[in-house]
Structures are given as C-alpha cells and as structure tokens.
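Colleague: Please find one structure pasted underneath; my questions will follow.
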Amino acid sequence: MTDYNIYCYGLLAAAVIAAVIGVWCQRMDQTSLSFWEKFPRNRTAGTIIGFLALLWCVPHAAPIVWDWMQGWLYPLVFICTVLGCLFLDYLFARSLGGIFILGAIYFLHESFTFHTPAAWILVLICWTIGIAGLFLSAKPHLLRDFIRLIARDKLWRAVATGFFMFFAGYSMIVGIMHLTRG
C-alpha cells in the first residue's frame, strides 16, 4: 500500500469518524449527560486510544532519537501506556487530544503532498481540530465541559454537529476524488 492510498483511506476513515462524532453531538441531551460527562475519565477507552497514539508517534520519533534508543521505542510504547493508565487522570480526554493533534498534522502535511482539491478547507478544519487537541491535552476537563455545553445549549450542539458533519462530507468527497484519479 502506497502513501497515497493510505491518505485516501485515511480521509474516508476520518469521514466516518467525524460523522459518528457529529451524530453523537446531535443526540446529546440532558438525559444522556449523566453517562457521557464521566467518559473523559474512562481509563479503558483512554488506554486503547493512548496506545494507538503512542504507536503513531514511533515513526516520527525514530529519525530524531539516538541510535541506542531505536530498539527502545516500541517497548517504551507499552511502558508509557501502562504508566499512563496507572497515573493519568482524564485519560480518554488526553488520548483523544493526542489523536486530534496527530491527525491534524498528518492531514495537513499530506494535503499539500498530494494536492488535495480545496485544501484550504482541510487546513482550516485541521487547525481547528489540532488546536482543540492541544486544549484537550493540556486541560482535559474541557472535554467534560464541552459535553455539558452541547447537552445544555442547542446552538452549541448545532455548531458542533455542523462542524463534524461538514468535515465528514468534505473528507468523503475528497477521499473519493483522490481514489478515482489515482
């Protein structure tokens, strides 16, 4: 599989994930708030997403670490996953923030590499998601506050739903365009 195919399928996967998040935002209300406001602290989901984020970091870290550390990168993924699970609070929110940051960087870079149509739209979306990831990583309680906000306020719920559905639609269209031309 080539880098181009990975990018195309990544866009399609991002479209599906964004659509799921958009539907989740639309369905959020006061009745489901008691379950979802605890989710940013979920250790199981946070451990899985954090593990995937750390695995994603290994190829980026490999060129910049010393030669003697190369063999330690994958074992460090497991060690850091266990340590994060044991000692970090709001693990899901932090892990989600990490995935948002990594995804934003990936799609920004590849959109210019593969000449994505209307890439400026993807750039704005990625900046928004990347900045949200930075906030979630630094202040993970903001995910809980965001969940409370969209459960309470219909305007914010509509904005969040619209953003993720727009991202889903754009990613799906561009991913299909890339697959058909390449």
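Colleague: For segment 25-50, how many residues meet the condition of being open to solvent by 40 Å² or more (accessible area, probe 1.4 Å), assigned to a helix (DSSP H, G or I), closer than 25 Å to Trp156 by Cα and in contact (Cβ under 8 Å) with a residue 12 or more places away in the chain?
Modeller: Going through segment 25-50 one residue at a time, the tally reaches 5.
Colleague: Exactly one condition in (1) touching a Phe, Trp or Tyr at 6+ places or on another chain (Cβ under 9 Å); (2) within 15 Å of Gly10 (Cβ to Cβ); (3) part of a helix (DSSP H, G or I) is not met by Thr116; state its number.
Modeller: Against the list (1) touching a Phe, Trp or Tyr at 6+ places or on another chain (Cβ under 9 Å); (2) within 15 Å of Gly10 (Cβ to Cβ); (3) part of a helix (DSSP H, G or I), Thr116 comes up short only on (3).
Colleague: Which condition number in (1) under 28 Å from Leu55 (Cα atoms); (2) open to solvent by 40 Å² or more (accessible area, probe 1.4 Å); (3) modelled with pLDDT of 95 or more; (4) more than 12 Å from the chain's Cα centre (by Cα) is the one that Ala168 fails?
Modeller: Unmet condition: (2).
Colleague: Kindly indicate whether any position in segment 67-80 is assigned to a helix (DSSP H, G or I), open to solvent by less than 80 Å² (accessible area, probe 1.4 Å), in contact with a Lys or Arg (Cβ under 7 Å, 6 or more places away or on another chain) and not polar (S, T, N, Q).
Modeller: Within segment 67-80, none of the residues are assigned to a helix (DSSP H, G or I), open to solvent by less than 80 Å² (accessible area, probe 1.4 Å), in contact with a Lys or Arg (Cβ under 7 Å, 6 or more places away or on another chain) and not polar (S, T, N, Q).
Colleague: Could you tell me which numbered condition Gly22 fails, if it satisfies all but one of (1) within 21 Å of Leu143 (Cβ to Cβ); (2) touching a His at 6+ places or on another chain (Cβ under 8 Å)?
Modeller: Here Gly22 clears every test but (2).
Colleague: Something else: Among Trp120, Trp66, which is the only one that is under 30 Å from Ile176 (Cβ atoms) and more than 11 Å from the chain's Cα centre (by Cα)?
Modeller: Result: Trp120 is the single residue among Trp120, Trp66 that is under 30 Å from Ile176 (Cβ atoms) and more than 11 Å from the chain's Cα centre (by Cα).
Colleague: If we keep just the residues of segment 59-88 that are modelled with pLDDT under 95, touching a Leu at 6+ places or on another chain (Cβ under 9 Å) and among the hydrophobic types (A, V, I, L, M, F, W, C), which is nearest to Arg152 (Cα to Cα)?
Modeller: Selected residue: Ala61.
Colleague: Run Tyr4 past the list (1) part of a helix (DSSP H, G or I); (2) over 19 Å from the mean Cα position of the chain (by Cα); (3) surrounded by fewer than 13 Cβ atoms within 10 Å (Cβ to Cβ) and report the number of the one that doesn't hold.
Modeller: That leaves (3) as the condition not met.
Colleague: Would you check which residues across segment 51-66 are open to solvent by 70 Å² or more (accessible area, probe 1.4 Å) and closer than 18 Å to Ile105 by Cβ and list them?
Modeller: Matches in segment 51-66: Leu52, Trp56, Pro59, His60, Pro63, Ile64.
Colleague: Identify the single condition in (1) of a type in the set (Val, Ile, Thr); (2) open to solvent by 20 Å² or more (accessible area, probe 1.4 Å); (3) at pLDDT 95 or above that Thr180 does not satisfy, given that it satisfies every other one.
Modeller: Status for Thr180: all satisfied but (3).
Colleague: I've got another one for you. Looking only at residues in segment 82-110 that are β-branched (Val, Ile, Thr) and over 20 Å from Met172 (Cβ atoms), which one is least open to solvent (accessible area, probe 1.4 Å)?
Modeller: It comes out as Ile101.
Colleague: Yes or no: segment 124-131 includes at least one residue that is closer than 19 Å to Pro40 by Cβ and among the aliphatic types (A, V, I, L, M).
Modeller: Yes, the conditions are met somewhere in segment 124-131.
Colleague: Can I ask one more? Quickly run through segment 111-160 and pick out the residues that are among the β-branched types (Val, Ile, Thr) and open to solvent by less than 50 Å² (accessible area, probe 1.4 Å).
Modeller: Correct list: Thr116, Ile121, Val123, Ile125, Ile129, Ile147, Ile150.
The values are calculated or read from the model by the stated rules, or taken from the named source; none is laboratory data. Remember, it's a predicted structure, so these values are computed and weren't measured experimentally. Note that each Cβ is placed from the backbone with ideal geometry, even for glycine, and that neighbours are counted across all protein chains shown. What goes into the accessible areas is simple: the full protein's heavy atoms, side chains included, and nothing from ligands, DNA or RNA. Shrake-Rupley method; radii C 1.70, N 1.55, O 1.52, S 1.80 Å.
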